[in-house]
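Novice: Questions regarding the structure given below will be posed in turn.
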Amino acid sequence: MNRQNKDWWKSAVVYQVYPRSFQDSNGDGIGDLKGVIRRLDYLRTLGVDIIWLSPVYTSPNDDNGYDISDYRGIMPEFGTMEDFDLLLQEIHNRDMKLVMDMVVNHTSDEHAWFQEAKSSKTSAFRDYYIWRKGKEGMPPNNWLSMFGGTAWEYDETTEEYYLHLFGKKQPDLNWENKKVRNEVYDIMKWWVNKGVDGFRMDVINFISKVPGLPEGIDGNGKPYYENGPRIHEYLHEMNGEVAENNCLVMIGEMPDVHTEDALLYTDPNRNELDMVFSFEHVEVGYGKYGKWSVRPWALTELKEILGKWQDELNEKGWNSLYWSNHDQPRAVSRFGDDREQYRVISAKMLAVCLHMMKGTPFIYQGEELGMTNTRFASIHDHRDIEILTEYKEYCKQGIIPEDEFMNAAYEHGRDNARVPVAWDDTANGGFTDGEPWIKVSGQYKTINARNNLEDPGSVFYFYKKLIELRHHEKIMVHGDFRMLCREDEDIFAYTRRLDKKIWLIVCNFTCKSKRFTVPLEHINEARLIIANYTDFKVQLPEIKLRPYETVVLEMHNN
Ligand code: TEU
Ligand code: CA
């Protein structure tokens, strides 16, 4: 894959590495860069094109690296800058690309800018952050942090509050300040000079706040900082400074982004971003207290959301496609069926459903192995700042009973994804020789990379096949998407069309047998592209589907 043509990332498959949980190389229980290097051949075998590396910069790790204290340094736990340079070189040697995770809505409170900023009201760096006076002993407004509690922290020295939309060790940068923006672009250019191929911009639709920071309804400040007034201006500016002449891929992570905004963000003529991560589909099943309540959801809800994103970004703009990442539960547990009899088959069905849609697919580490959610026995086993803070907010106050909260953390919590990748059936799944920083999966003896690699029918080889297909079949990249049988509560079906070619994709999302009648006229022949049951026989016009069966057919009318 080369970056010569502007749209190189459209035919790519991205693999996300969360380094802390990928591979430990020195027995301290923490994944590291040398560990990533050790596993590059594995990723090459899988066939992915781009590696997105979660943050590896210097950080006190309050939010596992999403709190950066030095943008030009490597977190000592992960290794050195030499290790990074080698990693980048080894990735490029294998004809893969590297996307860095850039967190610039906020820094760590241990960043030199913030240390300076809080030293005095007259500091040259004061205006790098968002400071306000309190209101009669209360915070400046009622906004709540994404991790629970007020979004303001009082600073004794200067007797003002600073804004932190996430943890209190993650002060928000003031993007209105041109100096801040220039610093960010300089940092990005510094990494581009090293040879990185793109950026995943963390919560990038939060950077422009409505002036005056108005009170929110029930503490909800989101309407005043999500997709804010100057967001397009900033992104356009960033693109011009950093991306445009370098053929980078620019991916924006955007909670609460809607298709209308996404069209603007990803319109190639506007030079802002190439694609965005939206959240609507990973919020199905959220209840009264958001992710801390579990609500049964219907397939039609999921289809409605994904179908809308496909429809609206079909002509202009571009979708990113994902079931999971380091903030989400495991795909097979959430959208498939992780009971042993269905785990593999449903993991493959989900892979087809996602990879056949129009957009760039993202695989989260372990997803290609069919890794599942992990039930933690006690809150003390959890490591995620979000779970730990919200536990205090909701359980200690008696709003959500402890067992309900723990169940919600199991269904929706971020630690599921942060459980180390299981490589084999040796101690700790081969992740570390030491004590892992977070518990390993109880299932590592059966669900691991070695077992997958030894079994031609594994989830791993199925993903490999899908990735290969994408590299050869233009229709998978550019074909038009059309949803079929929108109302069907069990089957997710759609077509892709390019020139005269038609692909039909059918996915049974249930553990029951189903029948699906091909709703296409004049079709009398079909060629099998891929299926998750090896003995699938083409029958038209009615397809009999077994539990979680999926099939992709190329349709012909002779
Ligand atoms: O996440 C942004 C975000 O809003 C959520 O997905 C968040 O993970 C949380 O679950 C909201 O309930 C990004 C990063 O991906 C995440 O890991 C960081 O914690 C966060 O930004 C702050 O940098
Ligand atoms: Ca280590």
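The values are calculated or read from the model by the stated rules, or taken from the named source; none is laboratory data. Because the structure is predicted, anything quoted here is derived from the model rather than measured. Cβ sites come from the backbone with ideal geometry, for glycine too, and all protein chains shown count toward neighbours. Only protein heavy atoms, including side chains, enter the accessible area calculation; ligands, DNA and RNA are left aside. Shrake-Rupley method; radii C 1.70, N 1.55, O 1.52, S 1.80 Å.
Novice: Multiply the residue separation of residue 1 and residue 210 by 0.36 nm, subtract the distance between their alpha-carbon atoms, and state the gained length in nm to one decimal.
Specialist: Answer, rounded to one decimal: 71.1 nm.
Novice: What number, in percent, do you get for the relative contact order of the stretch 21-143 if the mean sequence gap of Cα pairs under 8 Å and at least 6 apart is divided by its residue count?
Specialist: Dividing the mean separation by the residue count of the stretch 21-143 yields 21 percent.
Novice: Moving on. Can you tell me the relative contact order of the chain? Whole percent, Cα pairs under 8 Å, sequence separation 6 or more.
Specialist: 13
Novice: Can you give me the accessible area per residue for the stretch 189-285, using a 1.4 Å probe, in Å²?
Specialist: 35
Novice: In whole angstrom, how far apart do the alpha carbon centroids of the stretch 90-150 and the stretch 508-523 sit?
Specialist: Measuring centre to centre over Cα atoms gives 50 Å.
Novice: Sticking with this structure for a sec: Take each of the peptides 226-235, 287-296, average the number of other beta-carbon atoms within 10 Å over its residues, and list them starting from the highest. It would help to have the intermediate numbers written out before the result.
Specialist: Numbers: 226-235: 17.9, 287-296: 14.8.
In descending order of packing, they fall as 226-235, 287-296.
Novice: Further question: What's the center-to-center distance, using Cα atoms, between the stretch 420-469 and the stretch 347-409 in Å?
Specialist: 18
Novice: While we're looking at this one, here's another question. Rounded to the nearest 500, what is the 222 nm mean residue ellipticity of the chain from helices alone, with -39500 (n - 2.57) per DSSP H run of 4+ residues and division by all residues?
Specialist: For the chain, the value works out to -7500 deg cm²/dmol.
Novice: Around residue 37, under 14 Å between beta carbons, what's the net of Lys plus Arg minus Asp minus Glu among the other residues?
Specialist: -2
Novice: Also: What part of the accessible area of the chain, given as a whole %, is carbon or sulfur when the probe is 1.4 angstrom?
Specialist: Carbon and sulfur: 47 percent of the exposed surface of the chain.
Novice: Now, a different point. From the phi angles alone, apply the Karplus equation (6.51, -1.76, 1.60; θ = phi - 60°) to the stretch 473-479 and give each ³J(HN,Hα) in whole Hz, x where the residue is Gly or Pro.
Specialist: Ordered by residue, 3J(HN,Hα) equals 10, 4, 4, 5, 8, 10, x Hz.
Novice: For the stretch 1-91, give the magnitude of the charge dipole about the Cα centre (Cβ charges: +1 Lys/Arg, -1 Asp/Glu; no others), in debye to the nearest 20.
Specialist: Magnitude of the dipole: close to 520 debye.
Novice: Next question, about the same structure. Under 5 Å between amide hydrogens, which residues at least 5 positions from residue 400 or on another chain qualify, with H placed 1.01 Å from N in the peptide plane?
Specialist: Counting only residues 5 or more places away or on other chains, the set is 395.
Novice: Ok, one more. Send over a whole-number figure in Å² for the accessible area per residue of the stretch 35-119, probe 1.4 Å.
Specialist: With the other protein chains kept in place, the stretch 35-119 gives 30 Å² per residue.
Novice: Loop-only trypsin sites (Lys or Arg not before Pro) in the stretch 1-75, please: DSSP not H, G, I, E or B, and at most 15 other Cβ atoms within 10 Å. Numbers along the way, then the final one.
Specialist: Numbers: sites: 3, 6, 10, 20, 34, 38, 39, 44, 72; in loops: 3, 6, 39.
The qualifying sites are 3, 6.
Novice: By how many degrees, between 0 and 90 and to the nearest 10, does the Cα long axis of helix 299-312 differ from the longest principal axis of the chain?
Specialist: In the chain, helix 299-312 runs at an angle near 80 degrees to the longest axis.
Novice: If you fit an axis through the alpha-carbon atoms of helix 402-412 and take the longest principal axis of the Cα set of the chain, what angle between them do you get, 0 to 90°, nearest 10?
Specialist: 60
Novice: Which length gain, in nm to one decimal place, applies between residue 469 and residue 522 when the Cα-Cα distance is subtracted from 0.36 nm times their residue separation?
Specialist: Between residue 469 and residue 522, full extension yields 16.5 nm more.
Novice: What is the antiparallel percent of DSSP beta bridges lying wholly in the chain, to the nearest 5? Please list the in-between numbers first.
Specialist: Details: 43 of 68 bridges.
Expressed as a percentage, antiparallel bridges in the chain total about 65.
Novice: I want the local charge near residue 9. Using Cβ-Cβ distances under 14 Å, sum +1 for each Lys or Arg and -1 for each Asp or Glu among the other residues. Could the numbers behind the result be given before it?
Specialist: Details: positive: 3, 6, 10, 97, 200, 358, 470; negative: 7, 49, 197, 274.
So the environment of residue 9 carries a net charge of +3.
Novice: Which angle from 0 to 90°, rounded to the nearest 10, does the C-alpha axis of helix 178-194 make with the longest principal axis of the chain?
Specialist: Compared with the principal axis, the helix lies near 50 degrees.
Novice: Report the net charge of residues surrounding residue 477, where surrounding means a beta-carbon distance below 10 angstrom and charges are Lys +1, Arg +1, Asp -1, Glu -1.
Specialist: Cβ neighbours under 10 Å give a net charge of +3.
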